[in-house]
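Novice: Dropping a structure here in structure tokens format, bear with me for questions.
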Amino acid sequence: MITLASEVMVQDAVGRVDSLDWQRISEDLEAQGSAVLKDLLSEEECRVLAEMYPKDSLFRSRVVMGRHGFGQGEYKYFNYPLPEMIEGLRTAIYPWLAPVANRWNAAMGVGVRYPDQHSEFIKRCHDAGQQRPTPLLLEYGEGDYNCLHQDLYGEHVFPIQVATLLSEPVRDFSGGEFVLTEQRPRMQSRPEVVPLRQGDAVAFAVHHRPVQGTRGVYRVNLRHGVSRLRSGRRHTLGIIFHDAQ
């Protein structure tokens, strides 16, 4: 792990995870496929993370979205070893989400189960050749946006991921809302805009989730993206729990 934030700052950020209302978060995930993690990070922690973006030595790759038809803007995938705060958040959040992920798979008839600790799951990924880290920083400027998509990366996929807003709406940017769409069988897609403030995170379904219908459980398909930035600059930290092929 790389130390870029103070030890106290890292401890504060990681320690805050266990104090979140995980019962409410789990209920929201079950009900709608997303949940806000309110005040996950402080303003100073957000600043420290956003200021990592120009430090190219921290990252394994940079993606300019317009070159690939992904939207406008850019993002960078961190390299191993991850910065301590990001590694700590990834490790601390995962055990709270694994029970939800296992309930989803059971309800959808998917045989895969997720271990209690992230280190065990990431070993599963690495043993299958998925060894490239997936946590990332995203940067948007005026006119930028992120097309609806799914972050899969290989055979082993943890079905929930987390995005944390590092910039403050209105003060730092306008527009740039986090958007989810849910495609339901034989029905039109359901959109949802998740309002976030600086330091808030959203946990959301990566690909599929179960929904209880009148004739039993059915599977819905989700995608996520970011609407067009009207002004300013927006940074986001993405924490994906599986690694890439």
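The values are calculated or read from the model by the stated rules, or taken from the named source; none is laboratory data. Since this is a predicted model, take the numbers as computed values, not measurements. All Cβ positions, glycine included, derive from the backbone under ideal geometry; neighbour counts span all protein chains shown. These area figures cover heavy atoms from the full protein model, side chains too; ligands, DNA and RNA do not enter into them. Shrake-Rupley method; radii C 1.70, N 1.55, O 1.52, S 1.80 Å.
Novice: Which pairs do you get when a residue that is in a helix (DSSP H, G or I), found in the range 15-31, comes within reach of a residue that is open to solvent by 60 Å² or more (accessible area, probe 1.4 Å), reach meaning Cβ atoms under 6 angstrom, with the pair 6+ apart or on two chains?
Specialist: 22/96
Novice: Which residues, counting only those in the range 131-160, are out of contact with any helix residue (DSSP H, G or I) (no Cβ under 8 Å at 6 or more places or on another chain), open to solvent by less than 10 Å² (accessible area, probe 1.4 Å) and closer than 18 Å to residue 98 by Cβ?
Specialist: 134, the sole residue that qualifies.
Novice: Hey, any hits in the range 107-122 for a residue that's open to solvent by 20 Å² or more (accessible area, probe 1.4 Å), part of a helix (DSSP H, G or I) and under 29 Å from residue 193 (Cα atoms)?
Specialist: For the range 107-122, residues open to solvent by 20 Å² or more (accessible area, probe 1.4 Å), part of a helix (DSSP H, G or I) and under 29 Å from residue 193 (Cα atoms): present.
Novice: In addition: State yes or no: is residue 12 closer than 17 Å to residue 166 by Cβ, open to solvent by 60 Å² or more (accessible area, probe 1.4 Å) and not β-branched (Val, Ile, Thr)?
Specialist: When the stated conditions are applied, residue 12 passes them.
Novice: Let me ask another. Could you tell me whether any residue of the range 37-53 is part of a strand (DSSP E or B), open to solvent by less than 40 Å² (accessible area, probe 1.4 Å) and farther than 27 Å from residue 131 by Cα?
Specialist: Checking the range 37-53: at least one residue is part of a strand (DSSP E or B), open to solvent by less than 40 Å² (accessible area, probe 1.4 Å) and farther than 27 Å from residue 131 by Cα.
Novice: If a residue must be small (Gly, Ala, Ser) and over 13 Å from the mean Cα position of the chain (by Cα), how many such residues does the range 173-209 contain?
Specialist: Within the range 173-209, residues that are small (Gly, Ala, Ser) and over 13 Å from the mean Cα position of the chain (by Cα) number 5.
Novice: Out of the range 187-209, which residues are open to solvent by 30 Å² or more (accessible area, probe 1.4 Å), among the hydrophobic types (A, V, I, L, M, F, W, C) and either modelled with pLDDT of 95 or more or part of a strand (DSSP E or B) (or both)?
Specialist: Answer for the range 187-209, where residues must be open to solvent by 30 Å² or more (accessible area, probe 1.4 Å), among the hydrophobic types (A, V, I, L, M, F, W, C) and either modelled with pLDDT of 95 or more or part of a strand (DSSP E or B) (or both): just 193.
Novice: Is it the case that the range 81-96 has a residue that's open to solvent by 70 Å² or more (accessible area, probe 1.4 Å), in a helix (DSSP H, G or I) and among the acidic types (Asp, Glu)?
Specialist: So far as the range 81-96 goes, no, none of its residues is open to solvent by 70 Å² or more (accessible area, probe 1.4 Å), in a helix (DSSP H, G or I) and among the acidic types (Asp, Glu).
Novice: Here's something else I'd like to know. Within the bounds of the range 214-223, is there any residue that is open to solvent by 80 Å² or more (accessible area, probe 1.4 Å), in contact with a Phe, Trp or Tyr (Cβ under 7 Å, 6 or more places away or on another chain) and at pLDDT 95 or above?
Specialist: Scanning the range 214-223 turns up no residue that is open to solvent by 80 Å² or more (accessible area, probe 1.4 Å), in contact with a Phe, Trp or Tyr (Cβ under 7 Å, 6 or more places away or on another chain) and at pLDDT 95 or above.
Novice: Right, next: So is residue 184 open to solvent by 50 Å² or more (accessible area, probe 1.4 Å) and closer than 23 Å to residue 155 by Cα or not?
Specialist: So residue 184 fails the test.
Novice: Could you run through the range 210-234 and say how many residues are within 18 Å of residue 194 (Cα to Cα) and either more than 21 Å from the chain's Cα centre (by Cα) or part of a strand (DSSP E or B) (or both)?
Specialist: So the count comes out to 9.
Novice: Report, ordered by the first and then the second residue, all pairs with beta carbons closer than 6 Å, sequence separation of six or more or different chains, a first member in the range 103-124 that is in contact (Cβ under 8 Å) with a residue 60 or more places away in the chain and at positive phi, and a second member that is open to solvent by 60 Å² or more (accessible area, probe 1.4 Å) and of a type in the set (A, V, I, L, M, F, W, C).
Specialist: Matching pairs, first to second residue: none at all.
So that you can scan it fast, the table gives a plain yes or no per residue for (1) touching a residue at least 60 places away in the same chain (Cβ under 8 Å); (2) farther than 22 Å from residue 51 by Cα:
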residue	(1), (2)
174	no, no
178	no, no
186	no, yes
204	yes, yes
210	yes, yes
213	no, yes
223	yes, yes
234	yes, no
